[in-house]
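Undergrad: The following block contains the structure, expressed as structure tokens.
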Amino acid sequence: MGEWMADGKQKEILLICQTAQDGRNLTFLMKLGGYGYRLAGDVMEGVNYLHNCRTNGFPLHLILTDSAAMAAGDGRELLMLQEIRRQTPLLIIDRGNDDRNALLGRLQASREGIYFCEPEEVVGTVERLLQQGYQGSGRLSAHSA
């Protein structure tokens, strides 16, 4: 349960949640899975945290958000997130009311490194992404867009 690095530290996940309820739900799931996490209230706060990780050499293994938070971000924020996340997979929880291709278009992104899952698949998808290690391949069979 939970993923650990060779040095014994937890895998770290950035959670970007627009609502307090989504934040509570995801932090509960991350605690249950034994993952370390940082909670950001919107895309810009997430971008700032990612920049801080890069600047200070802090590990970050996954960015987890939902389609509503991504849709709420402005173009500049989304472009920054896209640029920063090139070495970190981005998992988007698809709640069924957003078109994946439209979201990818807003991100101006290829599908590489961006994954989608349904709300009930979050824990399993996080586990698979962290176990396989991110190689920039954008592959995750049934769960990629």
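No value in this document is a laboratory result; all are computed from the given coordinates. These numbers come from a predicted model, not from an experiment. Positions of Cβ are backbone-derived with ideal geometry, glycine not excepted, and every protein chain shown enters the neighbour counts.
Undergrad: From the backbone phi of the stretch 44-58, what are the Karplus-calculated ³J(HN,Hα) couplings (6.51 cos²θ - 1.76 cosθ + 1.60, θ = phi - 60°) in whole Hz, Gly and Pro given as x?
TA: Per residue, the Karplus-derived 3J(HN,Hα) values read 5, 4, x, 4, 4, 5, 4, 4, 4, 4, 5, 4, 9, x, 6 Hz.
Undergrad: Once you have the Cα-Cα distance between Ala68 and Gln131, take 0.36 nm times their residue separation minus that, and quote the gain in nm to one decimal.
TA: Working: separation 63, 0.36 × 63 = 22.68 nm, distance 2.66 nm.
Length difference between fully extended and current span is 20.0 nm.
Undergrad: Give the long-range amide H neighbours of Leu64: residues separated by 5 or more places, or on another chain, with amide H under 5 Å away, using H modelled in the peptide plane at 1.01 Å from N.
TA: Here the answer is Leu14, Leu15, Ile16, Leu91, since their amide H atoms fall under 5 Å of that of Leu64.
Undergrad: Run the quick spin-label model on Arg95 and Arg24: label points 7 Å from Cα toward the beta carbon, then report their separation in nm to one decimal.
TA: Between Arg95 and Arg24, the simple spin-label model gives 1.5 nm.
Undergrad: Test of understanding: what is the full-extension gain from Lys31 to Glu120, defined as 0.36 nm times their sequence separation minus their Cα-Cα distance? Kindly include the intermediate steps, with their values, before the conclusion.
TA: On the way: separation 89, 0.36 × 89 = 32.04 nm, distance 1.62 nm.
Result for the pair: 30.4 nm of gain on full extension.
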